[in-house]
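Right, one structure below, let's go through it.
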Amino acid sequence: MNDMKLEMVRELASLAGVDTHYDDIWGHRIQADEETLAGVLQAMGYADLSTQGLPEAIREIRKEIDFPIPPVISSRNGAGTLIPAAGWLRGILTLRGEEGMGSRFEWGGTGPLEYRLPGEFPRGYYRMEGEFSTSTGEIRFSSLLVYAPEKCWPAPADRIWGTTVAAYSLYTGKKEWIGDLRDLRDAVEVMERNGAGFVGLLPLHLLENRLPFGISPYYPLDRLLWNPVYLPLDEVAGYFEWPDFFPGRLLRSSTGPDTEPGLVDYETAWREKRAFLEKVFERFYQTERRRTTARWQDFQTFLAGEGDRGWMRAFFHTYREQEQKSWRDWPALFRDRDRTAIREWIAGNEQDVLFHSWLQWLTEKFLGEVGQEQNILGFDLPIGSSPEGSECWLNQELFASGARVGAPPDDFSPQGQNWGFLPVNPWIDRKQEYSHFRALLQKNMRFSRFLRIDHIMGLYRSFWIPEKSSTGRGTYVRQFSKDLFAILALESERNRVTIIGEDLGTVPPRVRELMDESGVLCTKVFYFEQDEKGFPLPPDHYPRQAFITMNTHDMPTLRAFCAGSDLTLRRELGIFDESTCERLLRERGEFLKRVIDRLRDWGFLQEIPEGDLYPILFSALLRYLAATECRIRVVSLEDVMRLDLQPNLPSTTIPENWRHRVNVGDSAFSEQVRKVHETMREKSTFIQTP
């Protein structure tokens, strides 16, 4: 690439929000090379990067940037200023809200046009339309005004404690291979009864339910669909009131506790559950449709609410099952979402397609019951979804298929990370008025009181790796973060949902500023919060607007951390060699000694443990968490039950990932929750040390 062409590529990249350089975790300035920049720009839709195509691309994006009114405008006070372009003579600006209220502003041709919504107008989405005359004709435009609150919906006034739960892991003695929504409801009731004010759920979205790659809750097929594998079959039978439709041997065989729960068996669970659900749906379709029962009418209301995209999603999963191949290999009409062809196919396969919609209706019904009965649930929104799923198929223009989202090299992953997700093209996202982002928030807030945004830095910038590049070679692409955080605040207020941002790792200061400005709780992990000498930080170090925990689902429980079993497992898998493992085990032991020293200095530990330090350290750390001012203090379910495991070992496909079980079916569960609550509610005395 010659110097002139390289200069134009860099200019186009800068205009498009593509960073030509970034600072890595070690403070080194990394320059994005020509190949990386070209790969990212092509993924964004700039196909012609020749010396002839580049000037035109630069002119077009400058034209879009310079236009006075962008496709979306976000405002925290309902007011704004329009600076008309040169040559604009006079015009009218109108604003109209969702409920029909509106305002009209006239501009006489001089100075800026200032507009402000009347004080009685509610926060929400407003259609902004302009008609301006120029010397050469009329200019018309239509944009979305996001009138958002200053802050997201606040956390509870009093500090609360809670736990994080993987629904699949809940084991109650039933032989159904996987935890379900009844197990979840029962477990949440126990936790709420014993003082918990927060239960954070790992994502419940639709998965392939197939090993090895189709079981991660953070790699869903669609973040707007739920996983029907969580349906409780006995309660499904009870809902339809058909005595002869008891789920047969599946539930009749579950007499007495099973002392060997083993690992979650997704494939068997879904195969057996689906066979039963297909029989239920067959009767529902054949009988209740003809009689137009209340249940059938409720189903029709659901279908109407889902709209055209609900039908498209149901088609996708029906056709995908029949064809058993990637949607990229489908006939062109289906691959490219030709509505006419798809509706003709649906007409000939109506019952099969309706089955998939019915599964979503039924899952939402049971999920809604859990959310209504316990107003302490926290849902989790993953950063992306599988490129093979309906979400990416339906939004092909939005997702950049020529790149993947990941992270640059750091201490955790020296080679960098490729997460396999398609990145969102910020320019297309804005042109579509962030309709997909809004839909994601609305759906995932529907049944929850809290919402965790996975990798919230993605609302500010994402690390794009061109499709043909190695994992570590990429650069950041910036989002229209002001708009995204405004929408987040508005949907949070409308749904009365507190937002928790996962801001771990190398996060630019601006991200945390945006979080703080918008009232998004930050995430603090005890293992990571250390001073320059490697000592844990005191409880008064933590901000009030924070979600604090000992660990995450990608980290060992405290018992495993103390034993170093996560490090020895990596050695057994060949991730670490013997010398590296020994060094890390030694460093872990030294850190634990520093933790013990500080906990004793601060008054949380009265005696120095001998031998196994875990039991006394666990109680001391609970008191430590209780002494912080953080709004939400969290102990994972695995730590509550004092287990030695790790839900997921990142960057591996070991059989145990996302398949562990936790026994919540006997009195030991309630007793352990009660003990944690008693410790967490103590008025811990924090002795400040010089």
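The values are calculated or read from the model by the stated rules, or taken from the named source; none is laboratory data. Computed from a prediction, not measured in an experiment: that's the story for all the values here. Ideal geometry is used to build each Cβ from the backbone, glycine not excepted, and the neighbour counts take in all protein chains shown. For the accessible areas, the whole protein counts, side chains as well, though only heavy atoms, and no ligand, DNA or RNA atoms are used. Shrake-Rupley method; radii C 1.70, N 1.55, O 1.52, S 1.80 Å.
Taking the Cβ-Cβ separation of Glu513 and Ser435 as r and a Förster radius of 35 Å, what is the calculated FRET efficiency to the nearest 0.05?
It comes out at approximately 0.85.
Given a Förster radius of 25 Å and the C-beta distance between Ser135 and Glu114 as r, what FRET efficiency does 1/(1 + (r/R0)^6) yield to the nearest 0.05?
0.55
Would you mind telling me the share, in percent, of accessible area of the chain contributed by carbon and sulfur at probe 1.4 angstrom?
48
Starting from the coordinates of the alpha-carbon atoms of the range 60-141, obtain the Kirkwood hydrodynamic radius over all distinct pairs and give the value in Å to one decimal.
Radius from the Kirkwood sum: 13.6 Å.
Set the Förster radius R0 to 60 Å, insert the Cβ-Cβ distance between Thr293 and Phe591 as r into 1/(1 + (r/R0)^6), and round the FRET efficiency to 0.05.
0.45
So, in nm, how far is label Asp338 from label Leu263 when the simple model puts each one 7 Å beyond its Cα toward the Cβ?
4.4
Could you compute the net charge surrounding Ile500? Neighbours are other residues with a C-beta less than 15 Å from the C-beta of Ile500; K and R count +1, D and E count -1.
+4
How big is the range 541-690 by the Kirkwood estimate over distinct Cα pairs, in Å?
Computed over Cα pairs of the range 541-690, the Kirkwood hydrodynamic radius comes out at 16.8 Å.
Leaving out ligands and nucleic acids, and using a 1.4 Å probe, what accessible area per residue does the chain come to in Å²?
43
Not counting ligands, DNA or RNA, and with a 1.4 Å probe, what is Asp483's accessible surface area in Å² rounded to the nearest 10?
Asp483 has an accessible surface of roughly 10 Å² with all protein chains in place.
In whole angstrom, and with the biggest value first, how far do the Cα coordinates of the chain range along each principal axis?
85, 74, 55 Å, listed from the longest principal axis down.
What value, in deg cm²/dmol to 500, does the helix sum -39500 (n - 2.57) over DSSP H runs of n ≥ 4 give at 222 nm once divided by the residues of the chain?
The helix-only estimate for the chain comes to -12000 deg cm²/dmol at 222 nm.
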